[in-house]
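These notes are about the structure you will find just below.
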Amino acid sequence: MNSSVFTIYRRVRCKGSALLKGLCVLCGCGILSTAFWPQPAAAQQDRAELSPRIMLSASAVETGDTLLVQLDWRHMPTSVRDPIVSFGDQLIHMFPHPDETRRVYAGVIGIALSTRPGPAKIRVAWSVGTKQHASSAAFNIRQGTYGVETLRVDPRHVRPNPDDLERIRREQAELKEIYTSGSLARLWQDGFRVPVSGEMNGPFGTRRLFNGELQSQHSGVDFRAQTGDPIHTAGSGVVCLARDLFYSGNAVIIDHGAGVFTSYSHLSRMAVSVGQRVEKGAVIGLAGATGRATGPHLHWGAKVNNVSVNPLTLMRTINLLNVR
Ligand SMILES: [Zn+2]
């Protein structure tokens, strides 16, 4: 494959004037490129031509799950350019497969809780010369089943005052910025682990009623912990937030690269600072009950391409790669 493929920043405006930004998926260099999906007729024609081999880790997933996609380009022409992998409007950060097979790449996809169940597709687009090509891999999305939980917390965390609301808006904007501007390269080396030794006592996706009036869906999993218990990072990466947040209390967020983040909330103490590189299992703080919490515990959250996913499922997906 021509190495110049990876050093080009190109913009292609589609007929609808929409612009899709993507990433170079073939080498993981993170060079921005763009492409548009071919019109249906062109895609139909392309199916008869040479396509990359697309492998998905499951044929069916639930909302809130993650999916591993692997792309094998080894049989494709070396003149392939501008490859883009996407699921809906989610652009997938691909990285070289950890077994270091040349021209085989992997990426993680997050299935949002709000995704409509039913047939779905991972789309791959690329170009050779001036011709656009596209292919896809189908899978099925099932609606997850979630329980309902009633919790009593500080009333201020259910009915925030105007100053709190301003703070919440500011923090939400900051979090969005963090979750959409992480490292493009994979930063984890040897898979993921659970962050604390306590048992899980709060599943992902539970519909929650706080003080009988505010309903939300649990965006992570809770682990039983005592104040002061050490909290470990699930995988290696870089600390991208370590401070007090209105709902999360003392929180640490780790950027694992390639669109993957994990968060650790309600800590009594934070033991890392922004920009610090951490290795899998490093102590990043101590368990506590800060923020919107009913008592000491760890809330473990995960995002993939800014989509909240079940961190336990993410851990299993990451570990499918058996990264060393
Ligand atoms: Zn929680």
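The values are calculated or read from the model by the stated rules, or taken from the named source; none is laboratory data. Fair warning: this is a prediction, and the values are worked out from it, not measured in the lab. Cβ sites come from the backbone with ideal geometry, for glycine too, and all protein chains shown count toward neighbours. Just so you know, the surface numbers come from the protein's heavy atoms only, side chains and all, with ligands and any DNA or RNA stripped out. Shrake-Rupley method; radii C 1.70, N 1.55, O 1.52, S 1.80 Å.
Considering the conditions (1) buried (at least 20 other Cβ atoms within 10 Å of the Cβ); (2) more than 22 Å from residue 315 (Cα to Cα); (3) touching a Ser or Thr at 6+ places or on another chain (Cβ under 7 Å), residue 227 is excluded by exactly one of them, (1). Scanning the stretch 243-256 for residues that are open to solvent by less than 10 Å² (accessible area, probe 1.4 Å) and touching a Phe, Trp or Tyr at 6+ places or on another chain (Cβ under 7 Å) yields a total of 5. Please verify whether residue 197 is modelled with pLDDT of 85 or more, closer than 30 Å to residue 275 by Cα, within 16 Å of the ligand (Cβ to nearest atom) and polar (S, T, N, Q), treating the condition exactly as stated. It is false that residue 197 is modelled with pLDDT of 85 or more, closer than 30 Å to residue 275 by Cα, within 16 Å of the ligand (Cβ to nearest atom) and polar (S, T, N, Q). Taken as a whole, the condition of being farther than 30 Å from residue 73 by Cα, within 26 Å of the chain's Cα centre (by Cα) and open to solvent by 40 Å² or more (accessible area, probe 1.4 Å) applies to residue 167.
When you look at residue 182, is it surrounded by 15 or more Cβ atoms within 10 Å (Cβ to Cβ), touching a Gly at 6+ places or on another chain (Cβ under 9 Å), on the phi > 0 side of the Ramachandran plot and part of a loop (DSSP other than H, G, I, E, B), yes or no? Criteria not met by residue 182.
For the stretch 222-324, which fully contained strands (runs of 3 or more DSSP E) count at least 3 residues that are touching a residue at least 24 places away in the same chain (Cβ under 8 Å) and within 15 Å of the ligand (Cβ to nearest atom)?
Correct list: 249-257, 260-267, 297-304.
The strands (runs of 3 or more DSSP E) falling completely within the stretch 61-172 that include 1 or more residues that are at pLDDT 90 or above map to 66-72, 80-87, 104-110, 118-128, 131-142.
Condition check: hydroxyl-bearing (Ser, Thr, Tyr), more than 22 Å from the chain's Cα centre (by Cα) and surrounded by 13 or more Cβ atoms within 10 Å (Cβ to Cβ). Does residue 233 satisfy that?
Numbers: hydroxyl-bearing (Ser, Thr, Tyr): yes; more than 22 Å from the chain's Cα centre (by Cα): no; surrounded by 13 or more Cβ atoms within 10 Å (Cβ to Cβ): yes.
It is false that residue 233 is hydroxyl-bearing (Ser, Thr, Tyr), more than 22 Å from the chain's Cα centre (by Cα) and surrounded by 13 or more Cβ atoms within 10 Å (Cβ to Cβ).
Quick one: residue 216 ticks every box in (1) hydroxyl-bearing (Ser, Thr, Tyr); (2) in contact (Cβ under 8 Å) with a residue 12 or more places away in the chain; (3) surrounded by fewer than 19 Cβ atoms within 10 Å (Cβ to Cβ) bar one, so which box is it? In the conditions (1) hydroxyl-bearing (Ser, Thr, Tyr); (2) in contact (Cβ under 8 Å) with a residue 12 or more places away in the chain; (3) surrounded by fewer than 19 Cβ atoms within 10 Å (Cβ to Cβ), residue 216 misses (2) alone. Applying the set (1) of a type outside the set (S, T, N, Q); (2) in a loop (DSSP other than H, G, I, E, B); (3) exposed (fewer than 14 other Cβ atoms within 10 Å of the Cβ) to residue 188 leaves exactly one unmet item: (3). Can you say whether residue 206 is of a type in the set (Val, Ile, Thr) and closer than 25 Å to residue 277 by Cα, as far as the supplied structure shows? Criteria not met by residue 206.
Among the residues here, residue 204 does not qualify as more than 16 Å from the ligand (Cβ to nearest atom) and either in contact with a Leu (Cβ under 9 Å, 6 or more places away or on another chain) or among the charged types (D, E, K, R) (or both). Given the criteria of a type in the set (Gly, Ala, Ser), away from the ligand (no atom under 16 Å from the Cβ) and either modelled with pLDDT under 95 or within 18 Å of the chain's Cα centre (by Cα) (or both), does residue 216 qualify? For residue 216, the condition - of a type in the set (Gly, Ala, Ser), away from the ligand (no atom under 16 Å from the Cβ) and either modelled with pLDDT under 95 or within 18 Å of the chain's Cα centre (by Cα) (or both) - is not met.
Of the residues examined, residue 206 is not one that is within 20 Å of the chain's Cα centre (by Cα) and crowded, with 23+ Cβ neighbours inside 10 Å.
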